[in-house]
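Q: Sending over a structure as structure tokens; questions will come in a sec.
Since every read-out is calculated from the coordinates, none of them should be taken as a lab result. Computed from a predicted structure; not experimentally measured. Note that each Cβ is placed from the backbone with ideal geometry, even for glycine, and that neighbours are counted across all protein chains shown.
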Amino acid sequence: MSNDIVLKTEHLSIQFGGLRAVDDVNLEIRRGELYGLIGPNGAGKTTFFNLITGVYKPTSGRIFHDGREITGKTPIEINRGGIARTFQNIRLFNNLTVIENVMVGLANQIPCNVAQSIFRLPRHKKSEREFYNKALELLEIFQLAEYKDYLAANLPYGKQRKLEIARAMATSPTLLLLDEPAAGMNPSETQELMDDIAFIREKFDITILLIEHDMRLVGGICEKLTVLNFGTELAKGQTAEVLANPAVIKAYLGD
């Protein structure tokens, strides 16, 4: 497998009872690409994300990340291997502060053992300071440093979205999965999000796969697309060509 391929799925499928929610999907994303996964509601997009991140185990098919097979690995193993995600419905620790949420994302890098954590030995205290400073650096990059001591629940909606992405980036991924990041945003917030996503890719030299219903966002930042419909691939290729495909238009708008 080419070193340029960050994510590859081969005949990926999952069946729930008699329903094949994802059916024979073959996806290939190259390093540095900003790739979109689109389709009508119920097309299988979030299920596909759940397969990639180990939430679901595939009925058949294989998944590769950076040339290594990750089929059947746990979500923690997959995250530590370099895949991070956000969710359609924001999942923050609302009763923790903004900076504490980012420190949670850094947790899989903490070298301390359990005893050091419990008894707060000097090495743990040193690590805690280091990770606080790393979290603060990320907040500064995402222009959230001034909110570091706010409870996450008290942030405006758009900044909650940004915080969720910052927390995902704290795990140092090579592949970032964004599940409907513009959901619930107004046009101004969506434009800011588009700018943020482009900035993240350049700043962190990262590959991004996103699910999105906002076609303005998709057309504005995605280089390539795969369209799912009833769990199967309807179209794939360069963004402009896919969005002009009559079968894709029909899937979204009907006859």
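Q: Please list, in chain and number order, the residues 5+ apart from Leu234 or on another chain whose amide H is under 5 Å from its amide H, with Hs placed from the backbone.
A: Val227, Leu228, Asn229
Q: Sticking with this structure for a sec: Got a sec to turn the phi values of segment 242-249 into Karplus ³J(HN,Hα) couplings, 6.51 cos²θ - 1.76 cosθ + 1.60 with θ = phi - 60°, whole Hz, x for Gly and Pro?
A: 5, 5, 8, 5, x, 5, 5, 4
Q: Could you put Val25, Val248, Val102, Val55 in order, starting from the residue whose Cβ has the fewest other Cβ atoms within 10 Å?
A: On the way: Val25 24, Val248 20, Val102 28, Val55 14.
Final ranking by Cβ density, sparse to dense: Val55, Val248, Val25, Val102.
Q: Further question on the same structure: Rg to Rh for segment 150-237: what is it, with Cα atoms only and Rh by Kirkwood? The partial results should precede the final answer.
A: Values: Rg = 13.8 Å, Rh = 14.1 Å.
Computed over Cα atoms, the ratio is 0.98.
Q: While we're on this one: Antiparallel as a % of all DSSP beta bridges within the chain, to the nearest 5?
A: DSSP beta bridges in the chain are roughly 60 percent antiparallel.
Q: Over the chain, what portion of Cα pair distances is larger than 34 Å, expressed as a whole percent?
A: Numbers: 6251 of 32385 pairs.
Above the 34 Å cut-off, the chain has 19 percent of its Cα pairs.
Q: Return the sequence-ordered ³J(HN,Hα) values of segment 207-221 in whole Hz as given by the Karplus equation 6.51 cos²θ - 1.76 cosθ + 1.60 applied to θ = phi - 60°, using x for Gly and Pro.
A: Per residue, the Karplus-derived 3J(HN,Hα) values read 9, 10, 10, 10, 9, 7, 9, 6, 5, 5, 5, 4, x, x, 10 Hz.
Q: Using only C-alpha positions, report the orientation-averaged shadow area of the convex hull of segment 1-80, nm², one decimal. Intermediate values should be presented prior to the final figure.
A: Details: hull surface 21.6 nm².
Mean shadow area of the hull around the Cα atoms is 5.4 nm².
Q: Another question about this same structure. How many nm separate the modelled label positions at Glu140 and Ser60, each set 7 Å beyond the Cα in the direction of the Cβ?
A: 5.3
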